[in-house]
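Single-structure report; data block below.
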Amino acid sequence: MSGPQVLGRVTLVTGSEEFLNERTVQTAKQAVRSFDAEAEFSEARGGDLTLATLGELAAPSLFSTTRCIVVRQFEDLPEESVAGLLDYCASPVEEIALVLVHSGGQKGSGVLAKLRKIASVTEVKSAALKPSEFIGFAVSEARVSGARMDSEAAGFLVTAVGQDLRSLSAAAHQLANDFPGEPLTIEKVKRYFGGRAEAKSFAVADAAFFGRRAAALEELRWALDGGTPPVLVTSAFAGSVRGLAKFVGAPRGMRDNDLAREVGVPPWKLRTIRDQARSWSPDGLAAAIRAVAQADADIKGAAHDAAYTLERLVLTVAALRDPR
């Protein structure tokens, strides 16, 4: 983004991925700052926005006529303010960059539909990444910092850090800064994040779906003692059982790259899933899906003992595996 792309215009930020939404907001702010170093910045919440408050925010000050206004939780805009805001968006002030951030969901969808028809409104959408897209995201984040990371290294980084975009981005930037000008290989990633990988929720799920009950329980204790939120453990189990179910139901004879896309995992993950699938029947997978869903509901329902809930999940899943 550049100053002319945001000043005198309205940037509409939509989607459920908060990290990407915030990046768009910061990019817009930086564009204004680059255009005018003395520009002023202000923020408001949609529920508090009236024509009067918008006028106050947009009014030039003694220091600068260039302003950037960010309105968060735009979906909460009061009904009585809609018409006035639409009028402003149709003819925005040249020295003002207005950024409207919608948090996702159906609330306020009628206003969004009207805004999308206005020529001076530019929409930037964010969407939750698919499992197969996290490696590309990590590679891209490293590239932004001037580093090259291959897919194998990025895959290990995703496995070690998890699928939180903010954590992934920070990890990629850290590696790029610590190895300036050097390729980010899997050896370098393991040097920094290998220890974390062993105690993460994915390790718990992998061990359980292999039927390694004792190992899974040990990994679970490491994960919880290390501060891993219980909901991330159930999320890892959900991802594992979905991957197994998709793998078992995929058409036979597919090439690995095509099969990886079908299953929704990076190609390097297929070896683990293929090995696990040999010991799982369709009935076993169906029972595992139900067990994971129940544990997830218990955790999100503020279970009195999250550790007990997760231990029960590990034992249940490990017992459902058919050793054949």
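The values are calculated or read from the model by the stated rules, or taken from the named source; none is laboratory data. Bear in mind that the values here come from a model prediction, so they are computed numbers and not experimental data. Don't worry about glycine lacking a Cβ; one is built from the backbone with ideal geometry, like all the others, and counts go over all protein chains shown. When the accessible area is computed, the model is the full protein with side chains, heavy atoms only, and any ligands, DNA or RNA have been set aside. Shrake-Rupley method; radii C 1.70, N 1.55, O 1.52, S 1.80 Å.
What to note about this one:
- From the list Ala260, Ala288, Ala238, Ala250, the lone residue that is open to solvent by less than 40 Å² (accessible area, probe 1.4 Å) and without any contact (Cβ under 8 Å) to a residue 24 or more places away in the chain is Ala250.
- Test result for Val231, under 28 Å from Gln294 (Cβ atoms) and either surrounded by fewer than 17 Cβ atoms within 10 Å (Cβ to Cβ) or touching a Ser or Thr at 6+ places or on another chain (Cβ under 6 Å) (or both): yes
- Of the residues in region 75-95, not one is touching a residue at least 60 places away in the same chain (Cβ under 8 Å) and closer than 30 Å to Leu168 by Cβ.
- Scan of region 159-179 for residues that are under 22 Å from Ala127 (Cβ atoms) and either assigned to a loop (DSSP other than H, G, I, E, B) or open to solvent by 20 Å² or more (accessible area, probe 1.4 Å) (or both), ordered by number: Gly162, Gln163, Asp164, Arg166, Ser167, Ala170
- Qualifying residue in region 285-307 (condition: closer than 21 Å to Gly162 by Cα and among the polar types (S, T, N, Q)): no
- All of Ala207, Ala214 fail the test of being surrounded by fewer than 18 Cβ atoms within 10 Å (Cβ to Cβ) and modelled with pLDDT of 85 or more, apart from Ala214.
- Region 292-304: number of residues that are surrounded by fewer than 20 Cβ atoms within 10 Å (Cβ to Cβ) and either assigned to a helix (DSSP H, G or I) or at pLDDT 85 or above (or both): 5
- Residues satisfying the stated conditions in region 125-159, i.e. closer than 21 Å to Ser240 by Cα and among the acidic types (Asp, Glu): Glu133, Glu152
- Among residues of region 263-285, those that are surrounded by fewer than 18 Cβ atoms within 10 Å (Cβ to Cβ), without any contact (Cβ under 8 Å) to a residue 60 or more places away in the chain and within 21 Å of Ala128 (Cβ to Cβ), counted: 0
- One residue from Ala197, Ala245 being modelled with pLDDT of 85 or more and farther than 13 Å from Val314 by Cβ: Ala245
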